[in-house]
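Colleague: Right, I'll just put the structure down here and ask away after.
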């Protein structure tokens with residue numbers, strides 16, 4: 001494992017630790033919770049989320065054991081790249097968790113340096129945000145880490161997005177706030193000296209902790225979701241922050257009329273609904289616990305006026321009273337929304353599902369199709385680029401879907417790379433958390449394996465429209 005220069009995790013209260021007390025307590029109860037029959041949990045969402053936490057903690061324990069992928073280029077030949085099942089996706093390189101200096105890998109985003117053209121993967125981990133140079137995708141280099149702002153309580157995963165050459169990082173660790181990293185600092189890193197510790201460029205105290213963050217780069221606003229705050233009565237919906245000056249993030253407004261938001265995508269709308277063209281809209285996956293049954297929805301909000309956001313729609317979907325509305329992404333023409341429910345595979349025993357929403361009429365979004373591929377794993381994060389969708393589906397890995405028939409409510413799988421060959425269980429025991437397909441290098445996709453590390457992949461698909 002790399003020894004980062006001056007490496008020490010320290011929170012904003014000055015307390016130092018390696019892992020959270022909650023993690024240690026969680027490990028003590030693993031045996032107890034794993035002994036509970038899963039059937040008994042089948043319709044108890046809160047119990048299943050507790051089981052999710054336990055399985056994620058178990059992933060962190062076994063990460064080093066499973067970091068056994070080929071380090072260098074391994075083409076997909078006769079259905080395998082090394083030990084990994086695949087179809088038309090080559091492994092360009094792999095960085096194991098130990099080399100990243102991490103025990104648990106989760107979210108990922110990317111940044112292309114406008115001055116040098118270099119591509120960087122921004123990897124979320126329990127320990128902090130890790131920056132990896134993948135300009136030569138067959139020879140990645142770990143550049144450094146922005147250590148976590150806290151290790152106290154909460155959960156150890158984090159989320160990151162980018163605006164104006166700065167990374168904005170949130171975590172569910174208690175008292176974490178939002179960190180800001182000046183990414184241009186990587187230009188001064190000499191990789192031959194090993195990874196470095198990056199300082200915070202700024203810190204936003206308007207939240208206590210948060211599950212996720214989205215950024216609309218066209219407006220310079222961040223949307224923190226699933227957060228709690230001691231200073232702003234914003235609820236767990238959209239907590240809006242003006243980041244037009246990246247080193248001076250400022251509270252801009254909030255919207256929680258639709259309840260808890262787990263993930264969101266906010267855009268300047270240029271889609272087919274003329275009533276909203278030119279407006280700034282957020283498309284959110286909302287999951288609310290207060291009622292019985294659950295209320296799982298696609299929420300659409302007009303956030304053009306941050307002080308007076310307006311809810312446009314909050315649409316339920318079939319089966320949404322027994323699942324968890326998790327994440328989704330618009331098609332490039334903003335006419336359709338691909339959406340994942342994180343628990344339907346577990347509750348209903350169905351194959352991996354992606355819902356296709358028709359959002360051509362924003363006041364009346366509707367599910368027009370449900371794509372089920374031939375795996376049983378739980379879906380997690382999905383992104384669209386050109387005519388393809390790139391889905392990270394936990395134990396079945398990266399799946400690539402062709403969207404050419406999306407208007408008919410149809411997708412088709414055209415390629416995959418399974419980063420967790422052990423099984424395709426509908427569980428959280430390992431596999432991929434997320435992926436990033438938007439690098440300047442067309443065709444390169446970075447994928448995080450929670451229990452293994454960072455995979456740099458290249459699907460062999462048409463670049464038309466990508």
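Colleague: So which residues in the range 348-379 are surrounded by fewer than 24 Cβ atoms within 10 Å (Cβ to Cβ), out of contact with any helix residue (DSSP H, G or I) (no Cβ under 6 Å at 6 or more places or on another chain) and in a loop (DSSP other than H, G, I, E, B), if there are any at all?
Modeller: 349, 350, 351, 360, 361, 363, 364, 373, 374, 375, 376
Colleague: Strands (runs of 3 or more DSSP E) wholly in the range 166-207 with at least 1 residues that are over 18 Å from residue 140 (Cα atoms) and more than 22 Å from the chain's Cα centre (by Cα) - which ones?
Modeller: The strands (runs of 3 or more DSSP E) meeting that bar are 202-204.
Colleague: Name the one entry in 336, 317 that is surrounded by 18 or more Cβ atoms within 10 Å (Cβ to Cβ), under 21 Å from residue 403 (Cβ atoms) and touching a helix residue (DSSP H, G or I) at 6+ places or on another chain (Cβ under 7 Å).
Modeller: 336
Colleague: Which residues, taken from the range 412-442, are free of Cβ contacts under 8 Å to residues at least 60 places away in the same chain and closer than 30 Å to residue 360 by Cβ?
Modeller: Within the range 412-442, 412, 413, 437, 442 qualify.
Colleague: Among the residues of the range 286-294, are any surrounded by fewer than 21 Cβ atoms within 10 Å (Cβ to Cβ) and assigned to a strand (DSSP E or B)?
Modeller: yes
Colleague: Among (1) crowded, with 21+ Cβ neighbours inside 10 Å; (2) touching a strand residue (DSSP E or B) at 6+ places or on another chain (Cβ under 7 Å), there is one condition residue 156 misses while meeting the rest; what is its number?
Modeller: (2)
Colleague: Quick test of your reading of the structure: residue 311 fulfils all but one of (1) surrounded by fewer than 19 Cβ atoms within 10 Å (Cβ to Cβ); (2) in contact with a helix residue (DSSP H, G or I) (Cβ under 9 Å, 6 or more places away or on another chain); (3) farther than 21 Å from residue 402 by Cα. Name the failing condition by number.
Modeller: Only one criterion in (1) surrounded by fewer than 19 Cβ atoms within 10 Å (Cβ to Cβ); (2) in contact with a helix residue (DSSP H, G or I) (Cβ under 9 Å, 6 or more places away or on another chain); (3) farther than 21 Å from residue 402 by Cα is unmet by residue 311, namely (2).
Colleague: Can we say residue 396 is within 18 Å of residue 83 (Cβ to Cβ), in contact with a helix residue (DSSP H, G or I) (Cβ under 8 Å, 6 or more places away or on another chain) and at pLDDT 95 or above?
Modeller: no
Colleague: Follow-up. For residue 409, indicate whether it is modelled with pLDDT of 95 or more, buried (at least 24 other Cβ atoms within 10 Å of the Cβ) and out of contact with any helix residue (DSSP H, G or I) (no Cβ under 6 Å at 6 or more places or on another chain).
Modeller: no
Colleague: Moving on to the next point. Test of understanding: among 418, 451, which residue is in contact with a helix residue (DSSP H, G or I) (Cβ under 7 Å, 6 or more places away or on another chain) and buried (at least 24 other Cβ atoms within 10 Å of the Cβ)?
Modeller: The conditions single out 451.
Colleague: Here are some residues: 263, 290, 242. Which one is out of contact with any helix residue (DSSP H, G or I) (no Cβ under 9 Å at 6 or more places or on another chain) and at pLDDT below 95?
Modeller: 290
Colleague: Does the range 137-154 contain any residue that is more than 17 Å from residue 181 (Cβ to Cβ), part of a strand (DSSP E or B) and more than 16 Å from the chain's Cα centre (by Cα)?
Modeller: Yes, the range 137-154 contains at least one residue that is more than 17 Å from residue 181 (Cβ to Cβ), part of a strand (DSSP E or B) and more than 16 Å from the chain's Cα centre (by Cα).
The values are calculated or read from the model by the stated rules, or taken from the named source; none is laboratory data. Since this is a predicted model, take the numbers as computed values, not measurements. Quick reminder, even Gly has a Cβ in these numbers, built from the backbone with ideal geometry, and neighbours come from all protein chains shown.
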